1. Any residue at all in segment 130-153 that is over 20 Å from residue 52 (Cβ atoms), outside any loop (DSSP other than H, G, I, E, B) and at pLDDT below 90?
2. Hey, can you tell me all the residues within segment 53-76 that are among the polar types (S, T, N, Q) and open to solvent by 10 Å² or more (accessible area, probe 1.4 Å)?
3. Does residue 79 fit the bill of being surrounded by 14 or more Cβ atoms within 10 Å (Cβ to Cβ), of a type in the set (Asp, Glu) and touching a strand residue (DSSP E or B) at 6+ places or on another chain (Cβ under 7 Å)?
4. How do the pairs read when you match residues in segment 121-132 that are over 16 Å from residue 79 (Cβ atoms) with residues anywhere that are at pLDDT 95 or above and not aromatic (Phe, Trp, Tyr), using Cβ under 7 Å and keeping only pairs 6 or more apart or on different chains?
5. Among the candidates 102, 121, single out the residue that is polar (S, T, N, Q), open to solvent by less than 10 Å² (accessible area, probe 1.4 Å) and at pLDDT 90 or above.
6. Considering only segment 140-163, how many residues are under 22 Å from residue 80 (Cβ atoms), open to solvent by less than 70 Å² (accessible area, probe 1.4 Å) and either free of Cβ contacts under 8 Å to residues at least 40 places away in the same chain or hydrophobic (A, V, I, L, M, F, W, C) (or both)?
7. Can you confirm whether segment 154-162 contains a residue that is in a loop (DSSP other than H, G, I, E, B) and more than 19 Å from residue 114 (Cα to Cα)?
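The values are calculated or read from the model by the stated rules, or taken from the named source; none is laboratory data. These numbers were taken from a predicted model, which means no experiment stands behind them. Ideal geometry is used to build each Cβ from the backbone, glycine not excepted, and the neighbour counts take in all protein chains shown. Surface accessibility is based on the protein's heavy atoms, side chains included, excluding ligands, DNA and RNA. Shrake-Rupley method; radii C 1.70, N 1.55, O 1.52, S 1.80 Å.
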Amino acid sequence: MLLHLTFISHNCPNEATNYNFYLLTADQEIEIKTNHNGCQTDKYGIDCPLVNISEMENPEEFNKIKQVVFLVSTYGDGDPTSDCSDFNNLLKDEDFWDKITNKELKYTVFGCGSKFYPEFNAQAKLFDKCFSKHGFAKICPICFGDDAEDIRADFKKWTSEVFWPNFIKS
């Protein structure tokens, strides 16, 4: 599966407002392209770095951002991707959650999976469950992209009809 997700990043006019998009995927499963389509961050003047979750070294990094978007892949029997396995274990550790003191943090999740997997979008569901359980507000509802159908269309519909309208209000 090769999924093209597009993000534009420009400096945010308000430097105190920080947004992060975290990418959780197997190598080359999701290819990131920078051009003038897709997530429309340039339209809203938002600086949103794209970070691979394997680079997340400290849960306190969540204390520095306002909103976070997780793009989460699931494979096999609901397993995390190789670059997400360490972070997946942190989600189950209460010490991890104790270090996130930013209770204003908002999140959302876009799951990348296939309905042919036994546990469809299990990792996206896990992320949503853990962040919700610990009291963090959602930017918008979770979305499950289905590679067995048209995951690009799922992502485009979610970003235009659900994500952006909620994101700019929050």
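1. Yes: one or more hits.
2. Answer for segment 53-76, where residues must be among the polar types (S, T, N, Q) and open to solvent by 10 Å² or more (accessible area, probe 1.4 Å): 54, 58, 63.
3. no
4. Qualifying pairs under 7 Å: 128/142.
5. Of 102, 121, the one residue that is polar (S, T, N, Q), open to solvent by less than 10 Å² (accessible area, probe 1.4 Å) and at pLDDT 90 or above is 121.
6. Residues flagged as under 22 Å from residue 80 (Cβ atoms), open to solvent by less than 70 Å² (accessible area, probe 1.4 Å) and either free of Cβ contacts under 8 Å to residues at least 40 places away in the same chain or hydrophobic (A, V, I, L, M, F, W, C) (or both) within segment 140-163 amount to 8.
7. No, there is no match, as no residue in segment 154-162 is in a loop (DSSP other than H, G, I, E, B) and more than 19 Å from residue 114 (Cα to Cα).
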